[in-house]
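What follows is a single structure, written as structure tokens, with notes after it.
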Amino acid sequence: MSTVTKAQRADYYERIRPLHLAPLWESLHTLVPREPQTPCVPALWRYDEVIKPLLMQSASLITAEEAVRRVLVLENPALPGRACITQSLYAGLQLIMPGEVAPSHRHVQSALRFIVDGRGAYTTVEGERTTMVPGDFIITPSWAWHDHGNEGIDGVSEPVVWLDGLDIPMLRFFDAGFAENDEKRMQTVSHPEGQSFARFGHNMVPVRHDHATPTSPIFSYPYSRSREALAQLQKSEVPDAWQGHKLRYINPLTGGAPMPTIATFLQLLPKGFAGKAHRSTDGSVYSVVEGRGTAHIGGESFAFGPRDTFVVPSWAPLRLDTSEEAVLFSFSDRPVQLAMGVLREAFL
Ligand code: 1HN
């Protein structure tokens, strides 16, 4: 075989290419790398200085109605044009102005909303309306009808912005996406606000509800409740050296993640926290709710403040420091990796 030349191999590759054949031995190492080799890079989007002014400009260019959803997509800088922030997740910042309506539709893709700025908008999911305030985490399950509006609250009428997180790249990967527009612009509200939270949001569930759904029956996890839990923990336990006080949101029917494809978390880092580095195979998107600090991701450092969004690629070491007490929301594709038995984490 030592007499075989590079040219002979190249000639062979040329001959098999038109037959839609490829030599595995040329790509084996990149197909199964020794450790994750993500094309994604870490990045941070500043809200107050960059995103907010640009979103407000978009409002003078297009209405929510015409746009259907007026969103600035947060694209991973290394994956332009692909509408993804990691290989598996989509993220965007959506604006709805007072009086606007984002019309009713449904799709197979699951969505989360994390309210970033402003109050008085609502989303209606399967006939139940939820008013949004900053820090609330809201779910739109797969194939659930949803429309959004902004009618104001307590006399306040202001632009409302939230972070959308969807499993769009996963559905694209499986070529399993369907979508449908509603005949009505807005759904008829058929359940009183707060009904799903009353049924499922208090560590109790209705006795005659016995089937576990893959998506949490709670549409809205209010910030006031989650924040209170973190405040109590801060008084009573030592913060984890890597992640501070970190809780995961659950589907109360299963104890698993609120959505089959996306896990969500809320964590409190005390003022002056200097976290140890950790990494995991689930790349994560973070939204800063309160406080300031620095996220050291791989070899880069990003100063963060309220309403900023940043992305941590798969397997990139993350170290969090704070100069003020900080609260961070985050989401990742962890439930999918857990179902596949491939999730790995390292606390360094
Ligand atoms: C969508 O339906 C929403 O309902 C937001 O607010 C973002 C991105 C891609 C496809 C559908 C929404 C979306 C989306």
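The values are calculated or read from the model by the stated rules, or taken from the named source; none is laboratory data. Predicted, not measured: the structure shown is a model, and the values here were computed from it. Reconstructed Cβ throughout: ideal geometry from the backbone, glycine too, with neighbour counts over all protein chains shown. The protein model used for the area step is the full one, side chains on, heavy atoms only, and it has no ligands, DNA or RNA in it. Shrake-Rupley method; radii C 1.70, N 1.55, O 1.52, S 1.80 Å.
Given the structure, is Arg82 surrounded by fewer than 17 Cβ atoms within 10 Å (Cβ to Cβ) and under 30 Å from Gln37 (Cβ atoms)?
yes
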Of the residues in the range 140-194 that are exposed (fewer than 14 other Cβ atoms within 10 Å of the Cβ) and among the polar types (S, T, N, Q), the one that is nearest to Leu55 (Cα to Cα) is Asn181
Only one of Gly272, Gly299 is at pLDDT below 95 and open to solvent by 10 Å² or more (accessible area, probe 1.4 Å), namely Gly299
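Quick grid of which residues meet (1) of a type outside the set (A, V, I, L, M); (2) away from the ligand (no atom under 11 Å from the Cβ); (3) open to solvent by 10 Å² or more (accessible area, probe 1.4 Å); (4) in a helix (DSSP H, G or I):
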{"site": "Pro53", "(1), (2), (3), (4)": "yes, yes, yes, yes"}
{"site": "Ile62", "(1), (2), (3), (4)": "no, yes, yes, no"}
{"site": "Pro77", "(1), (2), (3), (4)": "yes, yes, yes, no"}
{"site": "Leu93", "(1), (2), (3), (4)": "no, no, no, no"}
{"site": "Phe114", "(1), (2), (3), (4)": "yes, yes, no, no"}
{"site": "Pro134", "(1), (2), (3), (4)": "yes, yes, yes, no"}
{"site": "Ile138", "(1), (2), (3), (4)": "no, no, no, no"}
Given the conditions (1) touching a residue at least 12 places away in the same chain (Cβ under 8 Å); (2) open to solvent by 10 Å² or more (accessible area, probe 1.4 Å); (3) outside any loop (DSSP other than H, G, I, E, B), every one holds for Thr123 apart from (2)
Filtering the range 205-243 for residues that are modelled with pLDDT under 95 and either open to solvent by 70 Å² or more (accessible area, probe 1.4 Å) or of a type in the set (Asp, Glu) (or both) leaves a count of 5
Do we have Ile115 as under 22 Å from Thr281 (Cβ atoms) and in contact (Cβ under 8 Å) with a residue 24 or more places away in the chain here? no
When Asp182 is run through (1) within 28 Å of Leu247 (Cβ to Cβ); (2) within 16 Å of the ligand (Cβ to nearest atom), the failure sits at (1)
Screening Ser88, Ser110 for residues that are in contact (Cβ under 8 Å) with a residue 12 or more places away in the chain, within 14 Å of the ligand (Cβ to nearest atom) and closer than 29 Å to Asp175 by Cβ leaves only Ser110
Expected output for the range 141-152 (first residue farther than 22 Å from Ala257 by Cβ and at pLDDT below 95, partner in a loop (DSSP other than H, G, I, E, B) and open to solvent by 10 Å² or more (accessible area, probe 1.4 Å), Cβ below 7 Å, 6+ apart or cross-chain) is Gly152/Pro98
request  = Tell me, yes or no, whether the range 68-75 has at least one residue that is open to solvent by 30 Å² or more (accessible area, probe 1.4 Å), at pLDDT 95 or above and away from the ligand (no atom under 15 Å from the Cβ).
outcome  = no
